[in-house]
C-alpha cells in the first residue's frame, strides 16, 4: 500500500470523524445561545408586551431544552410585577408517544407565577387592536411540536385590582397541576380526551381542587369540570365584602362549589357559594351611626336567611347560555337562598348533576 493510500485511509478513519465530533461540540456550545436569541425575539415581538429569558440549557440526549427565568410584562403596566414569571420551564420529547408514531412534547413548569392586573388589562383591552396576535399564541410558538402532557409544580396565580380602594388581591398558591393527552394522542374518538387534575391553596388558606375532562383542539374548548374551594377563612375576603356590601367579617368560613359543562360554545353549570359560622364586625367608632345601622340590617337579614341548623348562608346560582351571553339566573339564585335557609340545607360538596351531555343536548 503506497503512502498516498495510507494517508487517505487515515483521514477516513480518524480525521473526518474527529472533525464531525468537533463540529457537534461547537454546535452544542452555540445552540443555547441561538435558542435564547430566538426566544427573546419571539417575546419582544408580542405587541403591547416586553419579555426575555435569562438562560436556556439543552439536553440533546433526552431531546429537551430548559428555559430559565422567562419574564413577560405589559408595556402599559403601572407596576413592576410581570404578568408571567416562569422560574424554570422544561420542554422535552414524549418518548412513549414517539413509539406510537406521534411526535409530541412534555412541559414541566417549576414555580411559575401568573399575575393578572385588572386595571392594566382593562386599559390594554380597551385600546387593543383586534388584529393583534394573542400573547398565548406567541408562547405556544416556543414549543415547535404538539403538547401532550403539562405539569405545574408550586405555581402561583394572582388577581389584583389596583383601582379598588382598598386594593383587592386574590390568589392561589402551591398550585400542583397535571394535564394529559392535550394533543389527543391516546384516544382520538373520545369527546373529551384530555384530563386535568389540580390542587392549590387559596386566599384564607382554603383548599382548592379542580378536575375534569376537556377537548382543547377546538377554538372554544369543550369541557366537563368540577371546582371545590373549602375551608377558606372569610376574613381574607373583607376587602371585597367592605367594597360591595359595606361590612367586615370577624370570623367564619367561605366555601364555593361549581360544575361547568361546555359543548360547542354553550355553557351549563352553577356556582354554589356558602358562608358558614360567620360573624360581622361592628365598626361604630370608624363608620358612625349610618354604618352601624347598615351592619345591623345586614346582620338581621343574614340571621333570617341562614339555615339555623348548620349556621350556613348559601345559594345555588345557575349558569346557562351561549358564552357570549350567559344567563346567571337571578330569580333561581334568590329562591335558592330561601331553600337553603328554610327547606333543605345545601351540602358542602358539588352536586354532581351537571354532565357534558347536558350542554350538548341544548345545541
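Here, each number is a calculation from the coordinates, and none is a lab measurement. Keep in mind the model is a prediction, meaning the values are calculated, not measured. Cβ placement follows ideal geometry from the backbone for every residue including glycine, while neighbour counts extend to all protein chains displayed.
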Query raised in the report: Between residue 176 and residue 59, what FRET efficiency comes out of the Förster formula 1/(1 + (r/R0)^6) with R0 = 30 Å and r the beta carbon distance, rounded to 0.05?
Result: 0.80
Query - Extension reserve of the residue 153-residue 191 stretch, reckoned as 0.36 nm per residue once the Cα distance is removed - result: 10.9 nm
